[in-house]
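Computed from the coordinates by the stated procedures, all read-outs in this text should not be read as laboratory data. Just so it is clear, the structure is predicted and the values come from calculations on it, not from any experiment. Cβ atoms come from the backbone with ideal geometry, glycine included; neighbour counts cover every protein chain shown.
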Protein chains: 2
Amino acid sequence: MKTMEIRNLSLDEIMNFTSERLNHVYKTYLDNTTSLELKNAMEYSLLNGGKRLRPLLVYATGAIFNAPLENLDVAAAAVELIHTYSLIHDDLPCMDDAAMRRGRPACHKKFGEGMAVLAGDALLTLSMQVIASHPAPLKADRRVQMMDVLSQASGPYGMAAGQALDLTVMTDDSISTRVLEDIYRLKTGKLLASCTELGWLASKDDDENNLDAMRDYGRHVGLAFQIQDDILDIEGEGEDTGKPKNIDSTNQKFTYPKMHGIKSAKERIEKLYNQALEAINFMNDDAQILRELAKKMLMRKS
Amino acid sequence: MKTMEIRNLSLDEIMNFTSERLNHVYKTYLDNTTSLELKNAMEYSLLNGGKRLRPLLVYATGAIFNAPLENLDVAAAAVELIHTYSLIHDDLPCMDDAAMRRGRPACHKKFGEGMAVLAGDALLTLSMQVIASHPAPLKADRRVQMMDVLSQASGPYGMAAGQALDLTVMTDDSISTRVLEDIYRLKTGKLLASCTELGWLASKDDDENNLDAMRDYGRHVGLAFQIQDDILDIEGEGEDTGKPKNIDSTNQKFTYPKMHGIKSAKERIEKLYNQALEAINFMNDDAQILRELAKKMLMRKS
């Protein structure tokens, strides 16, 4: 299949298509690893039936800019490897202490805490290895830019900082909406936002206006997605989200809907959704796939 | 100072010189991080008075091939960030459960387990960020090669796999010397060996014979270094190594000197030391600095 043809598929079809491609990348990189136990722990978490929304964003963006599919494989695998490592470490007893993940025992419950720490470390490192070594026709400077975007989004200027603030600030009931939104952007927003940037980097497009649009779109969707997540935590049923209802309340963490109420949180999502659409407005029909995707992500029930 | 002048310094002088340069890189990247607590945990572990042997290997190799100092900063910081993250995670209660590191409370004792997990994650991610974003005059293809070498050495084909085998196999008293050496190579050998390769990559040299020599030297020194570490764990005094004596015995792990006795372990180091020297024999006086370094690393008392 050619990248452009992705645009003719339904979102469910794209999801199946991208999942198959991702599984192939994972298999290539994991089949010859040295520790069977480590491999099992990594695979258990990678193949846990997650929605793989981040890869979907990568491939959808790539479809707009006609990026080679193999370049998109690199970007999508890298971001999903990082997302997956973060879930494993988040679930640890010393972090969110979650025993279940998507209806199955969390990685540390299945393989032990030490192995879960290592599986997370190994997945994070593997994301770097995939970008550096995948035989895709991706130029070195674009690989470097992908690493830059991903490490900014997930390290001490991104996700890891968001998690640290989560541990230290989020139980403080005096935090402002501004600070809360900053933490949201760090915790999940930046990594989600990086997906559209990665999709663009995988292509040969060099129009910076397009890159800016991808960044803006990603930024708005990323923040809205996290607020939506917190609403689901309150409203959603255990079976749908696959994790115990109200886990954040149990941990006494501050969230947007708890600060402002669910109605106001939904209005905030609506506004961010509109801003995301506005950012890509100039792209006309080409970007239709991202409009559908934003709708799907922000109207989800799990 | 010019890179070539490093050759005229004593090893102690090089160590001071490289430490100052490293501290500068760390400061540049950490000063504007978003979470103060995360930054403190990262700095606490980065500035713990460690020997920084890996950076020393990088700069020493760079001195041979006249690599730009800023390129060496990138490589040295990246490998030390990875080494430091691994120590933090190793010390966690679910891993080696070590309360002390170099005479001070381990990171998780000082900042809590959750923050220690995040500090490790953030350091690992930062190593990627430094390679991708440092303004050194380092070409994109060499940056990508550095990432490839480092991720191979530290991820599911390297250190993480070694640690996983350590958790699962090392308490089994039926393991062979061959398997034990394989685990050693994965656990510490490959990352140490990567230092000379990184030093070469930081230069403009493109003679593959030199790269091969650097790899061979690194491989022999890396394995010998780990065996030496295990001898020190048995022989060394708590004050020197900064960690409780016999910690590996307490954890009932198998080590080379425990399997073969200290005398035989020292003979193995001697043999590896000679092989390391042999690998760089053709380089004559140019490589004198690596000969001294091998001697220092393998004859150390702490």
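Worth a mention:
- Candidate lysines for bridging to A:K271, where Cα separation is under 22 Å - those fewer than 8 sequence places away on the same chain excluded: A:K187, A:K190, A:K258, A:K263, A:K295, A:K296, A:K301
- Summary of the geometry: segment B:31-81 and segment B:112-153, compared by the centres of their Cα atoms, lie 11 Å apart.
- For B:N23, the point set 7 Å out from Cα toward Cβ sits 5.4 nm from its twins in the other copies, listed from shortest up.
- Here the chain B residue lying nearest the rotation axis onto A, judged by its C-beta and given with the distance in whole angstrom, is B:A140, 2.
- Shortest-first nm distances, A:E292 label point to equivalent points in other copies (7 Å, Cα→Cβ): 6.7
- Once the C-beta distance of A:V179 and A:K296 is scaled by a Förster radius of 35 Å, the resulting FRET efficiency is 0.75 to the nearest 0.05.
- Where only DSSP H runs of four or more residues are counted, chain A gives -22000 deg cm²/dmol as its mean residue ellipticity at 222 nm, each run worth -39500 (n - 2.57).
- Residue mean of other protein chain beta carbons inside 10 Å, A:144-152: 6
- Across chain A, the relative contact order, built from alpha-carbon pairs under 8 Å that are at least six residues apart, equals 19 percent.
- Counting Cβ atoms of other protein chains within 10 Å of each Cβ in A:33-43 and taking the mean gives 5.
- Against the rule of thumb 2.2 N^0.38 Å, how large the Cα Rg of segment B:53-116 comes out: 1.43
- The stretch between A:K2 and A:D212 holds 73.1 nm of extra length on full extension. This uses 0.36 nm per residue minus the Cα-Cα distance.
- Exam field: B:E235 pseudo-label spacings to other copies (7 Å along Cα-Cβ), nanometres: 6.8
- Counting only other chain Cβ atoms within 10 Å of each residue's Cβ, the peptide A:134-141 averages 2.
- Distant-in-sequence amide H partners of A:R101 (H built 1.01 Å from N, under 5 Å): A:A106
- q = 0.07, 0.13, 0.14 Å⁻¹: log10 I(q)/I(0) that the Debye formula gives for chain B, counting C-alpha atoms only: -0.25, -0.91, -1.06
- Cut-off 14 Å, label 7 Å out along Cα→Cβ of A:A140, residues of segment B:147-191 by amide N: B:147-149
- Cβ-Cβ FRET estimate between A:K109 and A:L36, R0 fixed at 22 Å, reported to 0.05: 0.70
- A simple spin-label model places the labels of A:E270 and B:D285 8.0 nm from each other, with each point 7 Å out along Cα-to-Cβ.
- Where N is the number of residues in segment B:1-69, Cα Rg divided by 2.2 N^0.38 Å: 1.26
- HN-Hα J in Hz across segment B:34-41 - Karplus 6.51, -1.76, 1.60, θ = phi - 60°, x for Gly and Pro: 8, 9, 4, 5, 5, 4, 4, 5
- Cα-based equivalent ellipsoid of the protein assembly as shown: semi-axis lengths in Å, sorted from largest, via gyration tensor: 42, 27, 22
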